[in-house]
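The values are calculated or read from the model by the stated rules, or taken from the named source; none is laboratory data. Not measured: the values here are computed from a predicted model. Note: ideal-geometry Cβ built from the backbone for every residue, glycine included; neighbour counts use all protein chains shown. Ligands, DNA and RNA are excluded from the accessible area calculation, which covers all protein heavy atoms including side chains. Shrake-Rupley method; radii C 1.70, N 1.55, O 1.52, S 1.80 Å.
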Amino acid sequence: MKSLLERAKELFELDGYECSPVNEHEGGRNLVYICSKDGERKYVLRISGLGDRCEEDYLAETEFVRFLAENGAPVADVLSSVHGKLVECVEWEGEKNYISLFAYAKGMLICDNGYRYREGAPLEEYFYNTGKVLGIIHRLSKNYAPIHRRAEYFDKYNMEYINKLIPDTYGELKAAIAKRLEAFKVLPMDGESYGLVHFDFSDGNYHIDMSNGDITTFDFDNCMNCWYMFDLANLWTHGEGWFRFEQDPAKRMEYMKGYFEIILEGYRSETDVAQELLEQLPMFIDMVLIENIVDECECALREGEEVDYEDIEDAAECLIENIPYAGIGEE
């Protein structure tokens, strides 16, 4: 009997390709393979079989990626199967598996280059390009009319789900999350503020062409309808790594503000963001912290383990103690 991988290769005409598995992170959702031929990485094959998402979810994701690519966004495009489908469903050992094939993004992860940007170019170029690419994605999203729909923010981030997910021993944390969710409910949800976003836009989900600085984004697996500011706030929290060794918290915050200003400059070269929402950046950073906590709890659940408080301690403390900006300006 053919393996699931062999069936996937047939569906996407990958005969002659070497498909090497990517080491998944703990609690990961998918089986991912890098498909190479003649020594060149060409495609990324993804097989999803957790059963917590339906075909419509995967269609909504891949249709969005196709729309972005067709309209000039620097994203790794999704490829059609031999049947002309963006998503193939294969029954295997009694479970439904959803399979898609993506182009391999040109370049490399910056972590694989020791967090060194391209030689001879300033980090400011990298920050600007990051903001610009996110701005392109959001500009196009604001004009996107989906066929299939991804989840809305409150479909997942609600206290009914969070109370089931997070153990009762974390009562203070759950109360802090409930308080934030109530505050989120009054945020504007017009087409300029709220739409389909990446929801995991960070340096682990784009490659950089070190010859010219071009960025290509991938992994829209978590995309959902949310505030565009979420993706910007996520960039804020991921930027902390550039300045974490600065011991003076005031200087650290000053550097972070400078970093974010360059991000916004790149972003605004493509689309605008309301000043009203920018002024609420700390609230959106809290939204990112909640996502991080929920993700850690979901990963633990998939692994059949208890939540390790050390994995969520920093985020939890910021929410419980009302520490703004993810604690970046604190001692």
Query raised in the report: Which of (1) outside any helix (DSSP H, G or I); (2) open to solvent by less than 10 Å² (accessible area, probe 1.4 Å) is the odd one out, the single condition Arg244 does not satisfy?
Result: (2)
Report summary line: Checked against (1) of a type in the set (S, T, N, Q); (2) in a loop (DSSP other than H, G, I, E, B); (3) open to solvent by less than 10 Å² (accessible area, probe 1.4 Å), Asn222 satisfies every condition except (3)
Requested in this report: Within the stretch 247-276, track down each residue that is surrounded by fewer than 16 Cβ atoms within 10 Å (Cβ to Cβ), among the polar types (S, T, N, Q) and in a loop (DSSP other than H, G, I, E, B).
Outcome: Gln247, Ser269
Requested in this report: Look through Thr271, Thr217 and report the one residue that is hydroxyl-bearing (Ser, Thr, Tyr) and closer than 30 Å to Val32 by Cα.
Outcome: Thr217
Report summary line: Of the candidates Leu45, Leu68, Leu59, Leu101, the one satisfying the condition of being buried (at least 19 other Cβ atoms within 10 Å of the Cβ), among the aliphatic types (A, V, I, L, M) and within 20 Å of Asp209 (Cα to Cα) is Leu68
Report summary line: For the stretch 289-315, the count of residues that are touching a Phe, Trp or Tyr at 6+ places or on another chain (Cβ under 9 Å) and more than 19 Å from Glu160 (Cα to Cα) equals 2
**Report entry** Exclusive hit being aromatic (Phe, Trp, Tyr) and touching a Phe, Trp or Tyr at 6+ places or on another chain (Cβ under 8 Å), set Phe284, Phe245
**Finding:** Phe284
Report task. Pairs only if they're at least six apart or on different chains, beta carbon under 8 angstrom, first in the stretch 149-176 and hydrophobic (A, V, I, L, M, F, W, C), second open to solvent by 50 Å² or more (accessible area, probe 1.4 Å) and not in a helix (DSSP H, G or I); list them, first residue then second. Result -> Phe154/Lys185
Report task. Specify the residue that is most open to solvent (accessible area, probe 1.4 Å); the eligible residues are those in the stretch 194-215 that are of a type in the set (Gly, Ala, Ser) and more than 18 Å from the chain's Cα centre (by Cα). Result -> Ser211
Query raised in the report: Is it true that some residue in the stretch 96-107 is in contact with a Cys (Cβ under 8 Å, 6 or more places away or on another chain) and polar (S, T, N, Q)?
Result: yes
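Yes or no, residue by residue, for (1) touching a residue at least 12 places away in the same chain (Cβ under 8 Å); (2) over 26 Å from Glu125 (Cα atoms); (3) among the aromatic types (Phe, Trp, Tyr):
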| site | (1), (2), (3) |
| --- | --- |
| Ala178 | yes, yes, no |
| Glu182 | no, yes, no |
| Tyr194 | yes, yes, yes |
| Val197 | yes, no, no |
| Ser269 | yes, no, no |
| Asp272 | yes, no, no |
Requested in this report: For Tyr161, work out the one condition from (1) open to solvent by less than 40 Å² (accessible area, probe 1.4 Å); (2) more than 26 Å from Ala274 (Cα to Cα); (3) part of a helix (DSSP H, G or I) it doesn't fulfil.
Outcome: (1)
Report task. State which residue is modelled with the highest pLDDT when the search covers only the stretch 280-331 and only residues that are aromatic (Phe, Trp, Tyr) and open to solvent by 50 Å² or more (accessible area, probe 1.4 Å). Result -> Tyr325
Query raised in the report: Of the residues Ala233, Ala300, Ala326, Ala315, which is more than 30 Å from Lys132 (Cβ to Cβ) and assigned to a helix (DSSP H, G or I)?
Result: Ala300
Query - Residue among Ala176, Ala183 that is over 12 Å from Asn225 (Cα atoms) and open to solvent by 20 Å² or more (accessible area, probe 1.4 Å) - result: Ala183
Requested in this report: Looking for whichever is open to solvent by less than 60 Å² (accessible area, probe 1.4 Å) and within 20 Å of the chain's Cα centre (by Cα) here; the options are Val133, Val90. Which one fits?
Outcome: Val133
Requested in this report: Filter the stretch 76-87 for residues that are open to solvent by 20 Å² or more (accessible area, probe 1.4 Å) and either more than 19 Å from Glu6 (Cα to Cα) or among the β-branched types (Val, Ile, Thr) (or both) and give the result.
Outcome: Asp77, Val82
